[in-house]
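The values are calculated or read from the model by the stated rules, or taken from the named source; none is laboratory data. Just so it is clear, the model here is predicted, and its values are computed rather than measured. Quick reminder, even Gly has a Cβ in these numbers, built from the backbone with ideal geometry, and neighbours come from all protein chains shown. Quick note on the areas: whole protein, heavy atoms, side chains included, nothing else; ligands and nucleic acids left out. Shrake-Rupley method; radii C 1.70, N 1.55, O 1.52, S 1.80 Å.
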Amino acid sequence: LLTGLGAGAVIALLALGLVLTHRASGVVNFAHAAVGMFVAFAYFELRHTGDLVLPVLGLPDHIHLIDAPTMMTAFMAAIIMAALMGLAIYFCVFRWLVTAPPLSRVVASLGLLLYLLAVANLRFPQTAGQLPLVSILPQGSFEISGVAVPNNRIILVVFTIAVAGLLAAAFRFTRFGIATRAAAENEKGALLIGQSPDRLAAANWAISAVLAGVSVILIASVTKQLDPLATSLLVVPALAAMLLGGLRSFMLTAFAGLAIGMAQSGILNYSTRADWIPSWIPRSGINFALPFLLIIIALTVYGERLPDRSVTFESNMPNSPRPRYVLPTALGALIVISIALLTLDSQWRLAIVVSMIAALIALSSVVLTGYVGQISLAQLAFAGLAGFTTAKLTVAAGIPFPWAPMLAIAITTGVGILVGLPAVRVRGMTLAVVTAGAALAIEELVFKSEALGGLNRQRVPPPGLFGIDLGFFVTGRDNFRPAFGLFVMTILVVTFVAVANLRRSPTGLKWLAVRANERAAAAAGVNVTGTKLSAFAVSSLIAGIGGVLLAYRGSLAPQSFTVFGALALLAITYLGGIASISGAVVAGLLFSGGVFTHLGGGATGSQSDFAFAISGIALVVVAVLYREGISGALRHGASRLAELRPRREPST
Amino acid sequence: MRHPKLSTLVHPKTLGVAISMLLMLVASACSEGTKESSDTSGLTPLAPECTDESVVACSFEGTTVDHLMPDAPITADGEPIKIGMMNTDSGPATAYPELTKGAETGVRWINAELGGVDNRPIELVTCDVEFSGTGSQACGQQMVTEGVVAVMGGIDVFGDGIQVLEDNGIPLIGGVPVSFPAVDSPISFQFSGGSWGQDLGLVYHITKELDAERVSIVYADFGSVADGAEWAKRALIGQGIAEEDVNMVPIPIVAEDMLTPLTAANESDPDAIIILGTDPGCSSSYQAVLDIGITAQTYWSGACIEPTMVDLIGAENLEGYIYAIESPIDVDNPELRLYDEVVEQYGNDEFNAGSVATVSFKTLMNLYAAMDKIGADNISSESIIDFFRSSVDEPSFLGHPYTCDGQQMGGELPAICSPQQILVRMKGGELDVFTDWIQVADLVQPEE
């Protein structure tokens, strides 16, 4: 257990920063560790070359500050840089999202994460993993019960607890902390007593960024590991600690982080020696997923069925328009897609199929998040689950089409309802983190299991009905057969029409009622629990259909269904328009490898990183300025055009 | 034997979580890009010695391509022969553009000085798989549409495009075999043992030289790395070590602090610990081994001799650590000198000569030598597949001779043609080659 203290301190330090920004402005900042990552890179680069590296595209990337900076000089420069980054992030992004729904804040932080990752790749090309991560804390170790415990891990733990204590004391006893708490509770009240919520939030963001930077610098110098993506993803276990701390308590969060690290260490140690654990369960998955699963269960058990009166309901959720012209649109889509599939070349056919399947998975997010307001990061995992199950049932058990995919979709729907159970008692950002945990558990325990997720390296046999081959593959230039594309298109259109009808039905109205105000919906006689679970069932079913099609498209790999991928999918659906069916269509078109990628011709190397950075900025802009996404903008544009059209004067 | 210096093993871009362990293989293969050192740890490259205006004018006698080099440059101007290259040139998580640059550089040299294949220049069709299964499929189909006769492998984690190549009978040659299709497909021919060969090379020393009784294996629980660790376990048991004395310690791919897994590995009081972590995790693992004070013999991926990682910890602190590599690292090796000179004269872009680019250059030279033997008029996908399938101890550029009979790994992983390994040990701050080529096939144990 003691050897897990270092890992625990890593989790706890990052979780403290998350709690700080959440308490100050209600944001769960998925980019928190990424901010620390960039600051740490900048610190080590400054120490190594004397160059200050700026994170802003368009500005000079390297500025030579000093020939041989001391540790303290570099450290102070990094702290100043981190504070400025914190201020910039607040004033450019989150200041504009104070009254925005949690989803907008999630998407903005995802945009920020994408931007920082891309800029780190651009600013530190070929240096990742090669910067000398010079030690800051003293080396050496001592023994406790025969186990060597390095001094620097203990110092890291002491530092963590000290930071937690300082933050807790500051929030309890200082004027600044009390004012921050007051402003978080009631902005107008804070203004009345002479405090500026704006300044308070900005200061907290600066402190949080500094904390992130210092944390990652210390962590990297101790563990000798700093990698843009790996370090940025440390935010995931930190979220678990934050949840255990109730999103508020600094001390509880710190101890939760340390406990998770120690628990993971203990589980790893035990699981490597425990013979009773079946071999089909990936050992590394147990220690990674188990703490998350326990937290989910705890939150579900102790959560409230209905939010109490102190909870403010979201008034700025994106508009969810009532679908119109469903059948004509469906007919038009059938004609256009059919012509495209039958006339364009194989690369186009692949791109169209990719977009159609992505649109289906995005539609599952539209139902759950857009219609019912339940932020789920498990949709991609549902798709993967259905895909792997189809493959396993077909390849290993020999169950033919269509029974294997139907069974897989049924199983996925069942798992979807199971994952939806916590949603009965947790909501908002907590639910987002809980579903991320569930996705992580599926990823670690199922996809990585050779027995459950392994394909024995075989391709799934092609689907066929009534003697018609609906498979995707054929040799030569005719590959990516139109028949498969037409099959996917039919499923896509039927599913979209079904969802449109659901949205217009009483069920759809109940979904929107729950999204608007759970208490009011319950008072009006809506079964909130049943409504939420029905949405989870429908959305996981749709994601499952997408996953099945992925299996037949020959594209199943555990790497395709990661939590990072789920975040990207949610972001791209938001960009398309999270609350409308057309938003799912736009998301499908935007999806990597889809129609827009093919139209753009692709980008390579630094162009690609530049494109990712721009995508990150686009996400932030959409989250801040246009919550209905691209499809909403198109819809409004069309309405305005219609208004501008001269009307015929009535004849007299 | 002269003690070689460390290579400049610089991976192109360390980014991925799920991917980072692949760099382990990449850099392992990169051990080939060796250069003389001049600093105290011996890790910086030597400038190429040849100053002539053409590469063929320099003296590189003793390479496997001597017979292909004319006395004076010959420019190829006949009908081009199309070959493809599929690689992760870009992606949100990771990218290895150096591989493509290495191949492009080699093609420029072959066309400008070696006269192509019987005066027919090579036309390289490159495709970026963009770190996705879809991208890989699209690239596979692009190769079909372009009508290439063979595709050179780069790094493609997903490998979905290999199935498309297989459907169309287009051979995949070389690269870094990190996907299962790359080592399984009948149209794939790999000049590397991947993680499987590397791990068996380490097992060879543990069982034949160290006579270990208890062994721990710390490994990133992902794809080929995890599969390679399982192979190592089977081989250890096959060599007489009791199953309960092989302690498998998986690590999640986002492991930040290696203290915990290495403590778990050390708890069974092993004689040897094999550490197959992520590439960025080498430094972290080094530090953890030192922090814990592990006294067991440690065995590492070749990636971990990357200079910055060694410098960070100090080569003197790594005394006795053993690494598996796939190429000789003798600084006088004529093929390394030839490679350096080609990069110097034809590497239009600024890229790291000691990087993973050596892998694609090696692949290109082996494919070029094969096409030369087949003859320009007879080159087709079928003839190239036939050539490699019938190859026995065919000389390989920067590597052990290859035999692509599908039996080099005991009938499994049929695409692996040359899994042989060399072991090097850190000695006095420098790498000491202390084995000849290890025939790892002798250790292969069939899966139950």
Where a ≥ b ≥ c are root eigenvalues of the Cα gyration tensor, a/c under 1.5 meaning rounded, otherwise prolate if a/b exceeds b/c and oblate otherwise, the stretch A:436-553 counts as oblate
Against the 2.2 N^0.38 Å rule of thumb, the C-alpha Rg of the stretch A:470-619 sits at a ratio of 1.26
Under the Karplus relation with 6.51, -1.76 and 1.60 and θ = phi - 60°, whole-Hz ³J(HN,Hα) for the stretch B:370-379, x at Gly and Pro, equal 5, 5, 4, 5, 5, x, 4, 5, 9, 6
Between the alpha carbon centres of the stretch B:388-415 and the stretch A:336-372 the gap in Å comes to 43 Å
One finds the C-alpha centres of the stretch A:196-264 and the stretch A:1-70 to be spaced, in Å, by 11 Å
So for R0 = 56 Å, FRET eff. of residue B:319-residue A:338 from the Cβ-Cβ r, to 0.05, ends up at 0.20
For residue B:376, the net charge from surrounding residues (Cβ-Cβ under 14 Å; K, R +1; D, E -1) works out to -3
Nearest 10, in degrees from 0 to 90: the angle of helix A:629-644 to the longest Cα principal axis of chain A is 60 degrees
Taking the chain alone as reference and the full protein assembly as comparison, with a 1.4 Å probe on protein heavy atoms only, the residues of the stretch B:190-227 that lose at least 10 Å² of accessible area are B:221, B:222, B:227
Note: probe point = Cα of residue B:439 + 7 Å toward Cβ; backbone nitrogen < 16 Å; residues of the stretch B:395-426 passing the test are B:400-411, B:417-422
Which residues qualify? For residue B:248, with a placed amide H closer than 5 Å and at least 5 residues away or on another chain, they are B:217
At q = 0.13, 0.18, 0.25 1/Å the base-10 log of I(q)/I(0) from the Debye formula over the alpha-carbon atoms of the stretch B:66-115 is -0.43, -0.68, -0.96
Given unit charges at Cβ for Lys, Arg (+) and Asp, Glu (-), the dipole magnitude of the protein assembly as shown about its Cα centre in debye, nearest 20, is 7580 debye
Once the mean of 1/r over all distinct C-alpha pairs in the stretch B:200-251 is inverted, the Kirkwood radius in Å reads 10.9 Å
In terms of the alpha carbon gyration tensor, root eigenvalues a ≥ b ≥ c, rounded if a/c is under 1.5 and otherwise prolate when a/b exceeds b/c or oblate, the stretch A:307-429 is oblate
Probe 1.4 Å, all chains present, heavy atoms only: residue A:392 accessible area in Å², nearest 10, is 50 Å²
So, with points 7 Å from each Cα along the Cβ direction, the residue A:475-residue A:162 label distance in nm works out to 7.1 nm
For the stretch A:352-357, Karplus-derived ³J(HN,Hα) couplings (6.51, -1.76, 1.60; θ = phi - 60°; whole Hz; x for glycine and proline) come out as 5, 5, 4, 5, 5, 5
Projected convex hull area of chain A, Cα atoms, direction-averaged, in nm², equals 35.2 nm²
Between the modelled labels at residue B:269 and residue A:96 (7 Å from Cα along Cα→Cβ) the distance in nm is 6.5 nm
Under 5 Å from the placed amide H of residue B:84, counting only residues 5+ away or on other chains, we find B:125, B:149, B:150, B:151, B:152
With Cα coordinates, the longest principal axis of chain A makes an angle with the long axis of helix A:197-223, in degrees rounded to 10, of 80 degrees
Per the stretch A:372-524, sqrt(5λ) over the Cα gyration tensor eigenvalues, sorted largest first, in Å, gives 34, 22, 12
By accessible area (1.4 Å), largest first, B:400, A:64 order as A:64, B:400
Checked against the positive end of the charge dipole of the stretch A:487-564 (+1 on Cβ of Lys and Arg, -1 on Cβ of Asp and Glu, about the Cα centre), the farthest of A:488, A:514, A:554 is A:514
Packing-ranked peptide list from A:5-12, A:81-88, highest mean Cβ count within 10 angstrom first, is A:5-12, A:81-88
Note on the stretch A:497-605: contact order normalised by length, alpha-carbon pairs under 8 Å, 6 or more apart, percent, works out to 11 percent
Counting only protein heavy atoms with a 1.4 Å probe and every protein chain in place, the carbon and sulfur fraction of the accessible surface of the stretch B:76-175 in whole percent equals 43 percent
For the residue B:208, residue B:344 Cβ pair and Förster radius 45 Å, calculated FRET efficiency rounded to 0.05 is 0.65
In degrees, nearest 10, the alpha-carbon axis of helix A:379-391 is tilted away from the dominant principal axis of the alpha carbons of chain A by 60 degrees
Summing -39500 (n - 2.57) over every DSSP H run of at least 4 residues in the protein assembly as shown and dividing by its residue count gives a helix-only mean residue ellipticity at 222 nm, to the nearest 500 deg cm²/dmol, of -17000 deg cm²/dmol
With a 1.4 Å probe and ligands and nucleic acids left out, the total accessible area lost when A pairs with B, in Å² to the nearest 100, equals 5800 Å²
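Can you give the net charge of the other residues whose Cβ lies under 13 Å from the Cβ of residue B:271, counting K and R as +1 and D and E as -1? Write out the running numbers ahead of the final one.
Numbers: positive: B:214; negative: B:209, B:211, B:213, B:245, B:269.
The answer is -4.
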Taking a crude spin-label model, label points 7 Å out from Cα along the C-beta direction, the residue A:397 to residue B:407 distance in nm is 4.0 nm
A student asked for the Cα radius of gyration and Dmax of the protein assembly as shown in angstrom ought to give 29.1, 108
Per 10 angstrom bin, beginning at 0 and ending with the bin that holds the maximum distance, the Cα pairs of the stretch A:510-597 fall in percents of 15, 36, 31, 14, 3
For the stretch A:323-408 the mean separation of alpha carbon contacts under 8 Å (6+ apart) over residue count, i.e. relative contact order in percent, is 15 percent
Distance in Å, no decimals, from the C-alpha centre of the stretch A:374-445 to the one of the stretch A:93-165 is 31 Å
Within the under-11-Å Cβ sphere about residue A:287, not counting residue A:287, Lys/Arg +1 and Asp/Glu -1 give a net charge of -1
Contact order relative to length for chain A, counting C-alpha pairs under 8 Å separated by 6 or more residues, stands in percent at 21 percent
Once all protein chains are kept in place, residue A:66 shows an accessible area at probe 1.4 Å, nearest 10 Å², of 70 Å²
Residue by residue through the stretch A:345-351, the couplings from Karplus 6.51 cos²θ - 1.76 cosθ + 1.60 with θ = phi - 60°, in Hz, x for Gly and Pro, are 7, 4, 5, 5, 4, 4, 4
So the FRET efficiency between residue A:520 and residue A:634, C-beta based with R0 = 35 Å and rounded to 0.05, is 0.65
Debye calc, one equal point scatterer per Cα of the stretch B:381-448, no solvent, log10 I(q)/I(0) at q = 0.26 1/Å comes to -1.13
Expected sort for A:540-548, B:230-238, B:401-409 on mean C-beta neighbours within 10 Å, highest first, is A:540-548, B:230-238, B:401-409
